[in-house]
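> Quick one: structure below, then a few questions.
The values are calculated or read from the model by the stated rules, or taken from the named source; none is laboratory data. Keep in mind the model is a prediction, meaning the values are calculated, not measured. Every residue, glycine among them, receives a Cβ derived from its backbone with ideal geometry; neighbour counts consider all protein chains shown.
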Amino acid sequence: MFEIEPLINKTVAFRYKGKELEFDLSHALFSSFDVDAGTRLLLKEVAQDPVLDAASLVLDAGCGTGVIGISLAAALPRARFILEDRDTLACEFSFHNCKKNGISASLFSLDGALSDSSLKRKTEYEAESRTRQKTDTPDTPDMVETLAAPDAPQVLIYPGLLAGQSPYAEAYGGSDVVISNVPAKAGASVLTDFFESCQARLLRPSGRLAFVIVNTLVEVVDAWRAQSPMHLISRTQGPSHTVFILEKPAHVEKPAHGSDRCVQRDYPTSNSFSKSSSSLTFDLSPYFRSHTTFALGKRHAVPIKATGFWGLPEFDTPSYATQLAVETLENLAVLWDVLWPCHSGNVVDRQTLQLGKTSKPENCPGTETSFFVYEPGIGLSGLWVKELFHPAKIELASRNVLSLLATRFNLESESKDLANGKNIGLPDILQADILQARSELEPGQPAREDIILRSALDVEKNRANAHSLVLWFCDEIPEYNYIEATLEMIDSLLQTGGIAVVIGTSAAIARLEKRRPSALRRLSTKKLKGFSSLALAKSI
């Protein structure tokens, strides 16, 4: 689906501590025209830091295109680096920029296994890499094994979450330095959890946390520091950003193991997991923002309860794109025949569905259907489809790890009355109610096998013409031609007779309609507030 070269917007030269570097930037990622001011200020402030200079392991949390981690790796060739970001495309760009600057690196997928991208590109950069990596063994090493190997690459890159989510650094005993250009849109609870995780788990004793943050969020940092045992080494304020460098005490009591947080366990990308991914936990509680009952649909209106998340839209109101998707689906008469063929033409059944009485029909072959959603947000459209059609399998694909986990959380939790249908505004009350209900889902158990998560970058190699319904929210990237690739992917994902609904801006849908292959028959189009939908059926 994605190729790196067409996504490159600009190549910028960057000099750091005598090293001449180049970075490819993209419209699809943060700071697409130059190295941003916050990153420059942070790198300047840590340039002479003695703890960083002597570090053996550094974690770059929220690495983006890799400017911070790669600059430091070039300046500190004896240190090892872990780069993480919740955007899998950012991870790919970090890997690409490592290769561009002669830094040995390995890229890992959602399940913790060495990525195919890393394996395919190995021959391209092995000659210029500083160390060789062993990727030709029958059992591909996971990240913990690779990090511990004596001939490991200097940089390891993996998708993950900012708030307390660096299990690989923890598995290695913590980092000497955690460094981050903290996202400006992160919620206060996410930032606080990240800082507390650095203090408690991610840093070794006497390790340092160095980060840059927009000046409007400095109050959040000051509130946390007032309660933290970490020592302030320096604080430097620029026109729009402030850099903090803090040190963890040499002796500090660790919090008791475990908490009341909600835990999401392993990424279910397939039925089998690597040794590392099967033991990983992903704590979503810092991201909880709201719990709302949404009214989705008109002809087949269904009340949908969903948790909203910091860093994702639709926390209190469904987007126009989601509303349009649901309205397009409910007006497709053929959809009911495809997903519930035993109910085809049955007026009573359809009236029952319209009233929201959606009990799963018995002995209906339509219940063995498969549903695919591309860029699901927090999962509202998926919840609507699940409530009405009860698909046997739901597959989710996104660049955004948080979106995948949030959607899975909502899909697994939708049968629980988390807050009696009320919209809760207070975060502490919200967390208490959600966690109490969520505890019934046994967070220590693996995620449900009927909900599968994939990176948007991995969809192409996993397509199998297996889906009865595809719902595709276009990821519209400026100056990137995604139209043909989108149509090709939809055609390959749909089984014969299957239905796809594509949602995008009116301009994007017009382009899709113009290039639509004859194998994808047009069923309908619909418009809403600048968005358009295109419903397609794969010809038999």
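> Step by step: first the residues of the stretch 492-515, then only those that are under 27 Å from PRO391 (Cα atoms) and surrounded by fewer than 20 Cβ atoms within 10 Å (Cβ to Cβ), then the one that is nearest to the chain's Cα centre (by Cα). Which residue is that?
Out of the qualifying residues, it is SER492.
> Collect the residues in the stretch 15-46 that are touching a strand residue (DSSP E or B) at 6+ places or on another chain (Cβ under 8 Å) and hydrophobic (A, V, I, L, M, F, W, C), keeping them in residue-number order.
LEU21, PHE23, LEU25, LEU29, PHE33, VAL35, ALA37, LEU41, LEU42, LEU43, VAL46
> Now for a separate question. Among the residues of the stretch 229-245 satisfying the criterion of being closer than 10 Å to VAL218 by Cα and in contact (Cβ under 8 Å) with a residue 60 or more places away in the chain, which is surrounded by the fewest Cβ atoms within 10 Å (Cβ to Cβ)?
So, considering only residues that are closer than 10 Å to VAL218 by Cα and in contact (Cβ under 8 Å) with a residue 60 or more places away in the chain, the one surrounded by the fewest Cβ atoms within 10 Å (Cβ to Cβ) is VAL243.
> Based on what the data block shows, is GLU387 surrounded by fewer than 23 Cβ atoms within 10 Å (Cβ to Cβ), out of contact with any helix residue (DSSP H, G or I) (no Cβ under 9 Å at 6 or more places or on another chain) and modelled with pLDDT under 70? Working first, answer last.
Working: surrounded by fewer than 23 Cβ atoms within 10 Å (Cβ to Cβ): yes; out of contact with any helix residue (DSSP H, G or I) (no Cβ under 9 Å at 6 or more places or on another chain): yes; modelled with pLDDT under 70: no.
It is false that GLU387 is surrounded by fewer than 23 Cβ atoms within 10 Å (Cβ to Cβ), out of contact with any helix residue (DSSP H, G or I) (no Cβ under 9 Å at 6 or more places or on another chain) and modelled with pLDDT under 70.
> Here is a list: GLY102, GLY62. Which entry is in contact with a Ser or Thr (Cβ under 9 Å, 6 or more places away or on another chain) and within 20 Å of THR236 (Cβ to Cβ)? Spell out how you get there, then give the answer.
Numbers: GLY102 fails: within 20 Å of THR236 (Cβ to Cβ).
It is GLY62.
> Would the stretch 43-56 turn up any residue that is buried (at least 16 other Cβ atoms within 10 Å of the Cβ) and at pLDDT below 95?
No, there is no match, as no residue in the stretch 43-56 is buried (at least 16 other Cβ atoms within 10 Å of the Cβ) and at pLDDT below 95.
> If you don't mind, there's one more thing I want to ask. Pull out all pairs, ordered by first then second residue, where Cβ-Cβ is under 9 Å, the residues are six or more apart or on different chains, the first lies in the stretch 65-80 and is surrounded by fewer than 24 Cβ atoms within 10 Å (Cβ to Cβ), and the second is small (Gly, Ala, Ser) and outside any loop (DSSP other than H, G, I, E, B).
ALA79/ALA73; ARG80/ALA73
> Of the conditions (1) of a type in the set (D, E, K, R); (2) within 15 Å of LEU402 (Cα to Cα); (3) modelled with pLDDT under 90, LYS360 clears all except one; give me its number.
Looking at each condition in turn, LYS360 falls short on (2).
> Another question, then. Taking GLY62, is it crowded, with 21+ Cβ neighbours inside 10 Å, of a type outside the set (Lys, Arg) and within 18 Å of CYS198 (Cβ to Cβ)? Steps first, please.
Details: crowded, with 21+ Cβ neighbours inside 10 Å: yes; of a type outside the set (Lys, Arg): yes; within 18 Å of CYS198 (Cβ to Cβ): yes.
For GLY62, the condition - crowded, with 21+ Cβ neighbours inside 10 Å, of a type outside the set (Lys, Arg) and within 18 Å of CYS198 (Cβ to Cβ) - is met.
> Let me confirm something: among LEU324, LEU312, which residue is within 27 Å of GLY187 (Cα to Cα), hydrophobic (A, V, I, L, M, F, W, C) and not in a strand (DSSP E or B)? If you could, list the steps in order and put the result at the bottom.
Working: LEU324 fails: within 27 Å of GLY187 (Cα to Cα).
Going through LEU324, LEU312 in turn, just one is within 27 Å of GLY187 (Cα to Cα), hydrophobic (A, V, I, L, M, F, W, C) and not in a strand (DSSP E or B): LEU312.
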